[in-house]
1. If you take the Cα Rg of segment 3-171 and divide it by 2.2 N^0.38 Å, with N the number of residues, what do you get?
2. Order these by the 10 Å Cβ neighbour count, fewest first: Ser35, Ser46.
3. Could you tally the net charge around Ser35, taking each other residue with its Cβ under 12 Å from the Cβ of Ser35, Lys/Arg +1 and Asp/Glu -1?
4. If you plug each phi of segment 106-120 into the Karplus form 6.51 cos²θ - 1.76 cosθ + 1.60 with θ = phi - 60°, what whole-Hz ³J(HN,Hα) values come out, in order, with x for Gly and Pro?
5. If you add up the charges near Gln54, with Lys and Arg at +1 and Asp and Glu at -1, over every other residue whose beta carbon is less than 12 angstrom from its beta carbon, what do you get?
6. At Ala19 and Phe61, where each label point lies 7 Å from the Cα along Cα→Cβ, what is the point-to-point distance in nanometres?
7. Which value in nm describes the separation of the simple spin-label points at Ile149 and Val26, placed 7 Å from the Cα toward the beta carbon?
8. Expected output is a single nm value to one decimal: the length gained when fully extending between Leu37 and Asp2, i.e. 0.36 nm times separation in residues minus the C-alpha distance. What is it?
Amino acid sequence: MDLISIVTSIAADIVAFRALAQVLAVGIGIFYCGSALQKAIKKSASPGTDISGQSIFASFFIGALIVNFSGVMDSTLGSMGQSDTTYGDVISYANLAQTGAFAPAITAILTIISTFGWWYALKGWTMLRKASSGGGGGGYEDYAWKGFIHILGGAALVNINGTLAAFQGTLGINPLF
């Protein structure tokens, strides 16, 4: 078994993890919404508790966005100037004619990168929720900025074809493949 067939078989298997990320995002979003509602009920039952209305709203809003994770990813891609993408089983790069025997390996690597983008963006949304609820690592970590960068980076990785084309256009590089 050569390296190209190993990478292509990994890419064929890793596509299921993209669906797992989306299903897990729905579960996390429902959990965030439920915990926000629970905090709101607790705050209204005993008004003296130290629960911020802002953190309740932010947690509920982020949870609602995570429930619609794939739609949020499309909106994030649109805000970055990229067109909506379709999520098939395998990513195919348009300019693979010159690569010859390496075309399946490049396609597989792009599929793996795209799958990691889903998990990276999901981590970003959970970091934003942590920042909105006052969580921090001793005051030296800014979870809001880290979450924002994770979301943008994840969206760029999900649509890796558009990201590569944007880098090539920005830097004036001729496509290598």
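1. On the way: Rg = 19.1 Å, N = 169, 2.2 N^0.38 = 15.5 Å.
My calculation over the Cα atoms of segment 3-171 gives 1.24.
2. Numbers: Ser35 16, Ser46 8.
Fewest-to-most Cβ neighbours within 10 Å comes out as Ser46, Ser35.
3. Values: positive: Lys39, Lys42, Arg129; negative: none.
Combined, the nearby Lys, Arg, Asp and Glu give +3.
4. Whole-Hz 3J(HN,Hα) from phi for segment 106-120: 5, 4, 5, 5, 5, 5, 5, 4, 4, 5, 5, x, 4, 5, 5.
5. Working: positive: Lys39, Lys43; negative: none.
Neighbour charge sum, excluding Gln54 itself: +2.
6. It works out to 3.4 nm between the two label points.
7. Spacing of the two 7 Å Cα→Cβ label points: 3.3 nm.
8. Extra length available between Leu37 and Asp2 comes to 7.3 nm.
Taken together, the values in this text are just the output of simple stated rules run on the coordinates, not laboratory data. Remember, predicted model here, so these are calculated numbers, not experimental data. Because the Cβ atoms are built from the backbone with ideal geometry, glycine has one as well, and the counts that use them run over all protein chains shown.
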